[in-house]
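First comes the structure, then the notes that go with it.
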Amino acid sequence: MSAGTPKSLPSSGQKSIQDISHPLSAEDSVLTPSPDIGNTTSSIGEKDLSLPNGTPVDTSSPGSSSSLLNRLQLDDDLDGETRDLFVTVDDPKKHVSTMETYITYRVSTKTTRTEFDLPEYSARRRYQDFDWLRNKLEESQPTHLIPPLPEKFVMKGVVDRFSEEFVETRRKALDKFLKRVADHPVLSFNEHFNVFLSAKDLNAYKRQGLALLTKMGESVKYVTGGYKLRGRPVEFAAMGEYLDVFTQKLGTIDRIAQRIIKEQSEYLVELREYGPVYSGWASSEGELQEPLEGVSGCVANCSSALEELTEDMSEDFLPVLREYVLYIESMKSVLKKRDQVQAEYEAKLEATAFRKEERTAVPTDVEKCQDRVECFNADLKADWDRWQNNKRQDFRQLLTGMADKNTQYYEKCLAAWESIIPLLQEKQDAKTDTN
């Protein structure tokens, strides 16, 4: 089956903000959470849930087959006027050398931010470059939720990673990844992201290795696990429970959807064999020739409609489910890091309490550790709200598109079968007149 026309889900936009020096990157000063993070998230969340004029998105029956889809896309287009960083991934190209074969993608950037020397950039990047960027974001921004990348490895013999369908699916996933980073009020100002978009020779920058890791990133990554956390705060425990339930639901939907696609593909094979039988029969039937050929054409039209429906489900529906499965894994990883920082704080606090010597003030290292916990909590809450808003928007878009595609499929099949009824009636009327 050929790949369908690319149609990526629009990402939520953001308003221009000033670069925020993250409190966790400080070395000696006492760290405090930034009050701007929560406010920024609140404004973004409110925007994601409604149209630009403040009207909530209505999911009632559309007047036309794609009116809901267009309405949701309009929200993203209008919001783009307030953004100052636009990133797209397109133009995949295959490179063959004596050592390896790989695909590169063109990453185009347009921006008005002063952190960039030029307003436009264009660079070619391969998958491992995207993977490097995500690892750097995780290392330098350990308190934030990093959007997932599509999985690198595929089963050999099952999926051809150089096929047009696979490359296009991966391109859309990489495009979504960069758009999510570009829309984030903190990640979009990360120096590694800037280099990824603008550097001509990314390999030279990548060779710098771990030198650019922040101290907070190292402390979170290598914190000792000897102390057992007493328990997550109620709100973060609720996050973990929600992620567990959400994982189960997505897994069930994914399994059933894949079975449906398999059954549709098998049914499509039967239809393609079914239609020509009527064409062959028509050649030996004088009076029934036109009705039989009409049935053959009708089955062919239904086959084409089913093929489009199956492709849309494989290329648009399933990848979104998989992206959010990976998103859940990323969120659980951030929750685990938060627990490690809290465990470190509790261990130091208990160690201080058991000391016999009297102290008039809490040690500075304990205060710093407490500030890290508060910063982690603030960043995680902000990213959680942003993720929930994006999830609602993405799945509203996804389900609306699925409803439109199914409506179009059944309308095409109905029109095909209705088209041969007059032909059959004409033959019946002609026979009655003759008698």
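Of everything listed in (1) of a type in the set (A, V, I, L, M); (2) open to solvent by 20 Å² or more (accessible area, probe 1.4 Å); (3) farther than 21 Å from residue 170 by Cα, the single unmet condition for residue 343 is (2). Please indicate, with yes or no, whether at least one residue in the stretch 353-372 is touching a residue at least 24 places away in the same chain (Cβ under 8 Å), open to solvent by 10 Å² or more (accessible area, probe 1.4 Å) and among the aliphatic types (A, V, I, L, M). Scanning the stretch 353-372 turns up no residue that is touching a residue at least 24 places away in the same chain (Cβ under 8 Å), open to solvent by 10 Å² or more (accessible area, probe 1.4 Å) and among the aliphatic types (A, V, I, L, M).
Annotation note: Cβ proximity below 8 Å between a residue of the stretch 100-120 that is open to solvent by less than 40 Å² (accessible area, probe 1.4 Å) and a residue that is among the acidic types (Asp, Glu) and in a loop (DSSP other than H, G, I, E, B) (sequence gap 6+ or interchain) occurs for 111/84; 113/84. Taking the conditions (1) more than 30 Å from residue 239 (Cα to Cα); (2) open to solvent by 50 Å² or more (accessible area, probe 1.4 Å); (3) touching a Phe, Trp or Tyr at 6+ places or on another chain (Cβ under 7 Å) in turn, residue 301 satisfies each one other than (3). Restricting attention to the stretch 403-426 and to residues that are of a type in the set (D, E, K, R) and exposed (fewer than 14 other Cβ atoms within 10 Å of the Cβ), the residue that is modelled with the highest pLDDT turns out to be 411. Would a scan of the stretch 309-321 turn up a residue that is free of Cβ contacts under 8 Å to residues at least 24 places away in the same chain, closer than 30 Å to residue 165 by Cβ and assigned to a helix (DSSP H, G or I)? No, every residue in the stretch 309-321 fails to be free of Cβ contacts under 8 Å to residues at least 24 places away in the same chain, closer than 30 Å to residue 165 by Cβ and assigned to a helix (DSSP H, G or I).
When 115, 100, 139, 120 are checked against the criterion of being acidic (Asp, Glu) and over 19 Å from residue 188 (Cβ atoms), a single residue qualifies: 100. For residue 58, the requirement of being modelled with pLDDT under 95 and under 22 Å from residue 200 (Cβ atoms) is not met.
Which condition number does residue 283 fail, the rest of (1) surrounded by 14 or more Cβ atoms within 10 Å (Cβ to Cβ); (2) modelled with pLDDT under 85; (3) not hydrophobic (A, V, I, L, M, F, W, C) being met? Single failed check for residue 283: (1). The set of residues in the stretch 162-213 being basic (Lys, Arg) and under 18 Å from residue 106 (Cα atoms) consists of 170, 171, 172, 176, 179, 180, 200. Does the stretch 158-173 include one or more residues that are modelled with pLDDT under 95, assigned to a loop (DSSP other than H, G, I, E, B), surrounded by fewer than 16 Cβ atoms within 10 Å (Cβ to Cβ) and among the β-branched types (Val, Ile, Thr)? Checked the stretch 158-173: at least one residue is modelled with pLDDT under 95, assigned to a loop (DSSP other than H, G, I, E, B), surrounded by fewer than 16 Cβ atoms within 10 Å (Cβ to Cβ) and among the β-branched types (Val, Ile, Thr).
Just checking, how many residues over the stretch 80-89 are open to solvent by 40 Å² or more (accessible area, probe 1.4 Å) and modelled with pLDDT under 95? Talk me through it step by step, then tell me what you get.
Of all residues in the stretch 80-89, those open to solvent by 40 Å² or more (accessible area, probe 1.4 Å) come to 81-82, 86, 88.
In the following step, the residues that additionally are modelled with pLDDT under 95 were identified as 81-82.
Qualifying residue count, the stretch 80-89: 2.
The C-beta contact set for the stretch 191-205 (first residue farther than 16 Å from residue 131 by Cα, second residue open to solvent by 40 Å² or more (accessible area, probe 1.4 Å) and outside any helix (DSSP H, G or I), distance under 9 angstrom, 6+ apart or interchain) comprises 198/117; 198/118.
The values are calculated or read from the model by the stated rules, or taken from the named source; none is laboratory data. All figures in this text were calculated on a predicted structure; none of them were measured in a lab. No Cβ is skipped: glycine too gets one built from the backbone with ideal geometry, and neighbour counts run over all protein chains shown. Accessible surface areas use protein heavy atoms only, side chains included; no ligands, DNA or RNA. Shrake-Rupley method; radii C 1.70, N 1.55, O 1.52, S 1.80 Å.
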